[in-house]
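After the C-alpha cells below, expect a handful of questions from me.
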Amino acid sequence: MSRLSKIYHYSIVLVLFLIIVLPMAATFIYSISSSWSSNILPDGFSISHYKELLSDPRFLKALLNSLLVCFAAIFLAILFLFPVVFCANFYFLNLKNVMSFISVLPFAIAPIVLSTGLLNLYSDTISGTPYILIGCYFCIAVPFVYRTIDNNIAALNLKEIVYSNYILGNGIFRAIFRVIIPNLKDSILIAVFLSFSFLIGEFLYANILAGTQFETLQVYLYNIKNRSGHVSSAAIVSYLLLIFIANFISSYISHRKKV
C-alpha cells in the first residue's frame, strides 16, 4: 500500500472517529459544566449534576428496572436456547438451517408492528408490567444468543465428547454439565454482554408496552428531555458508560478466547 493510500485511509478513519467521539465528548463536557452558554468553553466545571442524578429515586428505579428486564430476558434466552442449539447440532443436523432462519425472525418484523399487535393482544392482562417486556426482550436476544452459542458449539466435536462419556459410563447430562457447558462459558458470557448492550438501549417496546407504568432507562431519558440539559446529559453519559462497559467486557472475553 502506497503512502498516499495509507494517508487517505487513515484520514477516513479519523473523520469517522471524530464524528462518533465529538458528540459524546461534548455531551460529557456539558454534563460536568456548571454553565455553558456564551463562550466556546464552559464557564466552570462541577459534578453536582451527577450527584443530582444519582440521588434521584426515579433514575435509580428506572436503571434497576432496565437491569431486571434485560438480565431476566437474557437468562431465559440462554436457558431455552442452549437445549435447542445442542439438539440441532447433535440430533437434528438437517434442521440447522431452519433454526438459523427462525433465530433472525425478530429482526425481520418491524418493532412498531409487533408492539402494536402485542398491545392489542395483552392490553387487559400484562400490558404495563415487566412481564411483557421480558417476553419482548427475550425475542430480541434470541439472534445474539443463538448465533453466539451455535458458532461455538459447532466448533466442538459433540459426538466424540458424548460417546466418550458413554464409554466411561457417564450419561449425556454429565457430558453436558461437565464438558460442554464449561467449554462454552466464555461464549455464553459474550452472548450475555452483547445482548445487554443492545437491550439496555431499547426504547420503542418499553415506551409503547410499559411506558411510565414500568419506566426503563430509555423511557426515563425520554421523559426528562425537557428537564435540565445538564442532568439529561449526565443521564446519557451514564447510559453510554453502561454500554461501553458491556462491550468492553465482551471484547475482552472474545480476545482472551483467541489468545
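Can you tell me which residues in region 56-86 are of a type in the set (Phe, Trp, Tyr) and closer than 30 Å to ASN97 by Cα? Break it down into steps so the answer makes sense when it comes.
Filtering region 56-86 down to residues of a type in the set (Phe, Trp, Tyr) leaves 59, 71, 75, 80, 82, 86.
Result: PHE71, PHE75, PHE80, PHE82, PHE86.
Please determine whether any residue of region 174-188 is outside any helix (DSSP H, G or I) and either hydrophobic (A, V, I, L, M, F, W, C) or in contact (Cβ under 8 Å) with a residue 24 or more places away in the chain (or both).
The initial filter retains those residues of region 174-188 that are outside any helix (DSSP H, G or I), namely 184.
Subsequent filtering for residues that are either hydrophobic (A, V, I, L, M, F, W, C) or in contact (Cβ under 8 Å) with a residue 24 or more places away in the chain (or both) retains 184.
Within region 174-188 (the criterion being outside any helix (DSSP H, G or I) and either hydrophobic (A, V, I, L, M, F, W, C) or in contact (Cβ under 8 Å) with a residue 24 or more places away in the chain (or both)), the answer is yes, since at least one residue qualifies.
Can you pull out every residue in region 1-25 that is in contact with a helix residue (DSSP H, G or I) (Cβ under 9 Å, 6 or more places away or on another chain) and under 28 Å from LEU241 (Cβ atoms)?
The one that is in contact with a helix residue (DSSP H, G or I) (Cβ under 9 Å, 6 or more places away or on another chain) and under 28 Å from LEU241 (Cβ atoms): MET24.
Given (1) buried (at least 16 other Cβ atoms within 10 Å of the Cβ); (2) more than 27 Å from ILE243 (Cβ to Cβ), identify the lone condition not met by LEU63.
For LEU63, the failing item is (2).
Another one. Give the residues of region 69-104 that are aliphatic (A, V, I, L, M), under 16 Å from CYS139 (Cβ atoms) and touching a residue at least 12 places away in the same chain (Cβ under 8 Å), sorted by residue number.
Matches in region 69-104: VAL69, ALA72, ALA73, ILE74, LEU76, ALA77, ILE78, LEU81, VAL84, MET99, VAL104.
For region 192-199, does any single residue satisfy the condition of being assigned to a helix (DSSP H, G or I), crowded, with 18+ Cβ neighbours inside 10 Å, in contact (Cβ under 8 Å) with a residue 24 or more places away in the chain and out of contact with any Phe, Trp or Tyr (no Cβ under 9 Å at 6 or more places or on another chain)?
Checked region 192-199: no residue is assigned to a helix (DSSP H, G or I), crowded, with 18+ Cβ neighbours inside 10 Å, in contact (Cβ under 8 Å) with a residue 24 or more places away in the chain and out of contact with any Phe, Trp or Tyr (no Cβ under 9 Å at 6 or more places or on another chain).
Restricting attention to region 14-53, which residues are assigned to a strand (DSSP E or B) and of a type in the set (Ser, Thr, Tyr)? Quick ask: steps written out before the conclusion?
Step one: filter region 14-53 for residues assigned to a strand (DSSP E or B), giving 33-35, 44-45.
SER33, SER34, SER35 - these are the residues of region 14-53 that are assigned to a strand (DSSP E or B) and of a type in the set (Ser, Thr, Tyr).
Looking at (1) over 20 Å from VAL85 (Cα atoms); (2) small (Gly, Ala, Ser); (3) within 21 Å of the chain's Cα centre (by Cα); (4) part of a helix (DSSP H, G or I), which is the one condition that is false for SER164?
(3)
Listed here are the residues, each with its yes/no results for (1) within 29 Å of ASN97 (Cα to Cα); (2) touching a residue at least 12 places away in the same chain (Cβ under 8 Å); (3) assigned to a loop (DSSP other than H, G, I, E, B); (4) not assigned by TED's automatic domain parsing to the domain that holds GLU202.
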| position | (1), (2), (3), (4) |
| --- | --- |
| SER115 | yes, yes, no, no |
| ASN120 | no, no, no, no |
| THR125 | no, no, yes, no |
| GLY128 | no, yes, yes, no |
| TYR131 | no, no, no, no |
| PHE138 | yes, yes, no, no |
| PRO143 | yes, yes, no, no |
| ARG147 | yes, yes, no, no |
| ASP150 | yes, yes, no, no |
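Is it fair to say SER38 is of a type in the set (S, T, N, Q) and at pLDDT 80 or above?
It is false that SER38 is of a type in the set (S, T, N, Q) and at pLDDT 80 or above.
The values are calculated or read from the model by the stated rules, or taken from the named source; none is laboratory data. The structure presented is a predicted model; accordingly, all values stated were derived computationally and were not measured. Glycine also receives a Cβ, built like all others from the backbone with ideal geometry; neighbour counts cover every protein chain displayed.
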